[in-house]
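Everything below concerns the one structure shown next.
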Amino acid sequence: MGFTNLNLLNRMSRTFLLILFTCFLSFSLLAQAQNTVTGKIMDDANEALPGATVTVKGTTTGSVTDLDGNYQINTSSSDTLVFSFVGMAAQEIPVGNQTSIDVLLLPDNLNIDEIVVVGYGTMKKSDVTGAIVSVRGDDIASVKSSNALEALQGKAAGVDMVRSSGRAGSGYDILIRGSRSLNATNRPIYIVDGINYGSDININPNDIESIEILKDASTTAIYGSAGANGVILVTTKRGTSGQPKVAFNAYYGITQPFGNQPYSRREEYLQFQRDLARVAADDWEMSDSLADSRRGYSQSMREGIENGTDTDWEGLLFEDQGSQQDYHLSILGGSETTNYNLSINYFNEDGYVAKENFDRYTIRGNVETDIGKRFSFGLNTILSTVINERGENPVSDVVQIPPILPALDSLGRVLAHPDPSDQTTNPLTDHDINYRRVQRRSTRVFASVFGKVNILENLSFQTTFNGDLRFRTNNDFKKPHEDIVGLDEAGASFANNYGLTWTNLLNYNYSNANHAVSATLGAEIRFGRSEDFGFRAQTLALLDSWWWPIPSASGEKTIDQGRTLVETQLASYFGRVHYAFQSKYLFTGSFRYDGASQLAEGHKWDFFPSAAVGWRISEEDFMANANV
């Protein structure tokens, strides 16, 4: 019994000692592995880099350098540190037994080999001889807006952008090459996946891979007269090989008006009117009361001045805030020979202007597949529907009616005419859905199918057929206010556009140690048909059904005098050649020969040539030691 207890005690003692030794060894190894690494990060000019980032690879542990470029980070011997800075090439260094690591970061020149989209093709960024601005898809998707072009603000040098209005779903007015015409449009054209999309765009920003802006004559000449105002190239996202990937993102945001209209409140308005009276009389010592008497106010306006009326028309017409919400679902994937991408998007904006709403529904899909080593084909489709409801122009209403006029009567009812002397209509009636309603609805199907064959190792041929169908309706309804004399009225207009484009491209690429040549030769045929008609009617049978009862109206019915049928045809031949010698000396020449059916006889065809040269001086031997 005692012998047995003694053996048990010995075994327990050995086990305890083993556990104690193991713990001691673990703590010793841990103490040896966990250490603090310090160092300094500098650039190629031996200048400190404040704000550089040091992270432990594969973790969220990190540090940032101070003003002198110094850093300190806790790590272990088995870790790898990643050193990075904006515009510099990142470095990865294993820690091992090091406790001090100084790093020299060099400029990241990899972007010179970045592939950018040019007219009817692609090119290395370093070989481009014209003026091109490129914005990547991540930057585009990060800007939440109804319009993808908003992502270009602050990122595209030389591009002037102004939002056409603050209304829900409003677009952008863009000038790339300045204002070139007083009567014709100054808008650039949009090329989506190689096909002319027109002068407006409503593609979901999450579906865009990149946007390139062609600004100068050299890069736009290949598009002929259509590129006179500049060209914006939009490339949509493609699928990738591998397992299907499903992504969903959503956001909700608030919109608010920025600032107020000048002279929108009582004292600002009166002071402005008094200043006008003093200017007209050339008497700046004139009293306020005398200046008020010189302005010729109506009786209602004088009563407003005496009663201290201060109507906040902006507050009545504008909500405190609007909202935006966006939901995007995408599925992409593929195999070694086929890839696909499908996305569905819903965007909504409720404007801060009362009764304004914008809805956009978008479905986009593409599939590409290879048949052997020589043949490939693909299909791209964009289907979008936009519904926009709004009233009259609120800003125009606000600036035209003085704040010294009342909006409501003593019983709180809307005054039809705040100033009966000039029959000014209360803008509240124009923005009341019971009296005014305007709806714009558009549906677009933009689809392309292409086939490509690799004729030789450096020679390929691609043919693309595109169909573009657009259906638009503009409806409006007006019911007179009970205090406004007039007839109820409604109108509806319709515009149908059909476009067909057939493009054929022959591409050649060759390069060796000293020479690089790429050439594109193409022909394109476009057909367009536009149908536009509308009608109006008075004395509607059902006032609560807006414009739908137009056919049964008992009053006057009119056909829109602007109804039109227009058919156009365009035939084009174009080409481009690019040559580079030792990646130093560059030449690009392009041409386009256009023929348009809508032009007069003898002037239907014209020729658009261009040429550009470039010299990459940084590649010269005498620049090897220069700090560029």
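Throughout, read-outs are computed from the coordinates displayed, never taken from laboratory work. None of the values given here were measured: they were computed from a predicted structure. All Cβ positions, even for glycine, are placed from backbone atoms using ideal geometry, and neighbour counts span all protein chains on display.
When the GluC sites (Glu not before Pro) in segment 262-321 are filtered for DSSP coil states and for at most 11 other beta-carbon atoms within 10 Å of their beta-carbon, the remaining sites are GLU285. Could you list the chymotrypsin sites (Phe, Trp or Tyr not before Pro) in segment 217-288 that lie in coil according to DSSP, counting only those with at most 15 other Cβ atoms within 10 Å of their Cβ? Loop-located and lightly packed - PHE258, TRP284.
Relative to the globular-protein estimate of 2.2 N^0.38 Å, the Cα radius of gyration of segment 588-628 stands at 2.30. With an a/c value of 1.5 or above and a/b not larger than b/c for the gyration tensor axes a ≥ b ≥ c computed over the alpha-carbon atoms, segment 209-293 is described as oblate. Evaluated over the Cα positions of segment 184-256, the convex hull gives a direction-averaged projected area, one quarter of its surface, of 7.9 nm². Applied to segment 196-211, the Karplus parametrisation 6.51 cos²θ - 1.76 cosθ + 1.60 on θ = phi - 60° returns per-residue 3J(HN,Hα) values of 5, 9, x, 10, 8, 9, 9, 8, 4, x, 5, 9, 9, 7, 6, 10 Hz, with x for Gly and Pro. Amide H contacts of ALA228: none lie under 5 Å away among residues 5 or more positions distant or on a separate chain (H built 1.01 Å from N in the peptide plane; Pro and chain starts excluded).
When the square roots of the Cα gyration tensor eigenvalues are ordered a ≥ b ≥ c, the ratio a/c for segment 319-416 is 1.5 or more and a/b exceeds b/c, which makes its shape prolate. Taking Cβ atoms as reference points and 11 Å as the exclusive limit, the residues near ILE93 contribute a net charge of -2, counting Lys and Arg as +1 and Asp and Glu as -1.
Near ASP79, the amide H atoms lying under 5 Å from its own belong to VAL95, GLY96; only residues 5 or more places off or on other chains count, and H is placed 1.01 Å from N. Length available on full extension from ASN183 to ALA90: 0.36 nm per residue minus the Cα-Cα distance, which gives 28.3 nm. Can you tell me how segment 239-344 classifies by the Cα gyration tensor, rounded, prolate or oblate, using a/c under 1.5 as the rounded cut? Because a/c hits 1.5 or more and a/b exceeds b/c, segment 239-344 counts as prolate. Near the amide H of ARG437, within less than 5 Å, lie the amide hydrogens of PHE477, all on another chain or at least 5 residues away, with H placed in the peptide plane. With the simple model of a label 7 Å out from the Cα in the direction of the Cβ, ARG136 to TRP615 spans 3.2 nm.
Grab the other residues whose beta carbon is less than 13 angstrom from that of GLY595, score K and R as +1, D and E as -1, and report the net.
-1
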